[in-house]
Amino acid sequence: MKLFHIHKRFLLMMNAISILVAFLMHLPELIALSEPEAGSRLFPDVHWANVSYEILFTYLSTVLLFFLNIGMMRLNKPTAELSWRRVAVTFVVTLVACNLLGKGFVYAHEHFGVPAITAMLHHYLHPLRDILIACIVTGTSYLDHQSRRSQRMLLENEQLRTENLVNQYEALKSQLNPHMLFNSLNTLYSLIRESPDKAQNYLQELSRVMRYTLHDNQTHTVTLREEMDFVQSYIYLLQMRYEDNLHFDIDIPQVLMQRQVPLMAVQMLVENAVKHNEISNRNPLTIRIGAEGDGLCVSNRLQPKLTDSSSTCIGLANLSKRYRLLFGRDITIEESEKNFKVTLPLI
């Protein structure tokens, strides 16, 4: 049974080709039937029964030759390599088998009275027909094997590419979580000593934030509404830390809330603004989150820290890579002497 375990597409194609070959190989006889005067010279005593049996025999023999090719070329094993030597041997065996089947039909006609065409021209055409049938059957089987092999290689390459993208994405995302966690734990440590009640609320919001960051999202994307709900909890943590020195101006149309963004994309931009700007009584920081066209902008006035060391910009670089991996698009970064703005495409 393993020999005949082949895909449905090939079975349909095999039957269609066998039917087509059966009729085309006997096209002269069919024309002779439609023109009795011309037919009497080329194919004397030709009748519909004779032609019908010849067509049926050609169809059945072509199907049998296809199954012979399936076994010899191991078409039931798509991973098997197919050498030119095996193809050549298969062609020769198919040609011999086709000739033997033809002789078997002649034997059945002579000894069992099976209707057949007896005209000399018909017998002269048999060797040519055998070669054509062998070429069609072997060529079709070879092309089908090569087609399925190419499709399998494309599928394997696509699977490897997908796995590589997922691994890259997870590696990029894992680099973002520790920054937020360490800063939050430091703030929680201070609150426990100064205000246990606030520490309790802070811990509750922190648990929501961590639950979101550890959420196993198979698509790696969320709606903007989900992301902003998370950002609100994250903002609470930041304002507990910076109090009145950190402000947020959020204005996002409801129509954009169902658009998709990468997980933690907006949070990363907020964290980036807090990390690289001075936040103090003297220089409070305002972070604006709003729509611009079909994108979402996160901007702030540049207030560089006096003691800020050179940044590696790993957050923005990772976010840019995640956008390219997930959507094939990129973020827009604009920096002037006074302002810094990042625009996220909303998918």
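The values are calculated or read from the model by the stated rules, or taken from the named source; none is laboratory data. For clarity, every value in this text was computed on a predicted model and none was experimentally measured. Neighbour counts are summed over all protein chains in view; Cβ atoms, including those assigned to glycine, are modelled from backbone coordinates with ideal geometry. For accessibility, only protein heavy atoms count, side chains too; no ligands or nucleic acids. Shrake-Rupley method; radii C 1.70, N 1.55, O 1.52, S 1.80 Å.
Key figures
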{"item": "Residue check for residue 60: open to solvent by 30 Å² or more (accessible area, probe 1.4 Å) and within 21 Å of residue 130 (Cβ to Cβ)", "result": "yes"}
{"item": "Test: residue in the stretch 133-141 that is surrounded by fewer than 10 Cβ atoms within 10 Å (Cβ to Cβ) and at pLDDT 85 or above", "result": "no"}
{"item": "Residue 326 in contact with a helix residue (DSSP H, G or I) (Cβ under 9 Å, 6 or more places away or on another chain), open to solvent by 20 Å² or more (accessible area, probe 1.4 Å) and at pLDDT below 90", "result": "yes"}
{"item": "Of all residues in the stretch 41-57 being part of a loop (DSSP other than H, G, I, E, B) and surrounded by 14 or more Cβ atoms within 10 Å (Cβ to Cβ), the one that is modelled with the highest pLDDT", "result": "46"}
{"item": "Unmet requirement for residue 285, which otherwise passes all of (1) hydrophobic (A, V, I, L, M, F, W, C); (2) in contact with a Phe, Trp or Tyr (Cβ under 9 Å, 6 or more places away or on another chain); (3) over 17 Å from residue 183 (Cβ atoms)", "result": "(3)"}
{"item": "The lone exception for residue 127 - which of (1) modelled with pLDDT of 85 or more; (2) open to solvent by less than 50 Å² (accessible area, probe 1.4 Å); (3) not hydrophobic (A, V, I, L, M, F, W, C) it fails", "result": "(2)"}
{"item": "Residue match in the stretch 261-281 (condition: touching a strand residue (DSSP E or B) at 6+ places or on another chain (Cβ under 8 Å), small (Gly, Ala, Ser) and in contact (Cβ under 8 Å) with a residue 40 or more places away in the chain)", "result": "yes"}
{"item": "Scan of the stretch 89-124 for residues that are open to solvent by less than 50 Å² (accessible area, probe 1.4 Å) and either in contact (Cβ under 8 Å) with a residue 60 or more places away in the chain or assigned to a loop (DSSP other than H, G, I, E, B) (or both), ordered by number", "result": "114, 115, 116, 117, 119, 122"}
{"item": "Every residue from the stretch 234-256 that is farther than 21 Å from residue 198 by Cα and surrounded by 15 or more Cβ atoms within 10 Å (Cβ to Cβ)", "result": "252, 256"}
{"item": "Given (1) at pLDDT below 90; (2) hydrophobic (A, V, I, L, M, F, W, C); (3) surrounded by 20 or more Cβ atoms within 10 Å (Cβ to Cβ), number of the condition residue 269 does not satisfy", "result": "(1)"}
{"item": "Considering residues of the stretch 317-347 that are basic (Lys, Arg) and touching a residue at least 60 places away in the same chain (Cβ under 8 Å) only, the residue farthest from residue 255 (Cα to Cα)", "result": "321"}
{"item": "Unmet requirement for residue 290, which otherwise passes all of (1) part of a strand (DSSP E or B); (2) within 25 Å of residue 202 (Cα to Cα)", "result": "(2)"}
{"item": "Some residue of the stretch 205-227 being within 23 Å of residue 340 (Cα to Cα), in a helix (DSSP H, G or I) and in contact (Cβ under 8 Å) with a residue 24 or more places away in the chain", "result": "yes"}
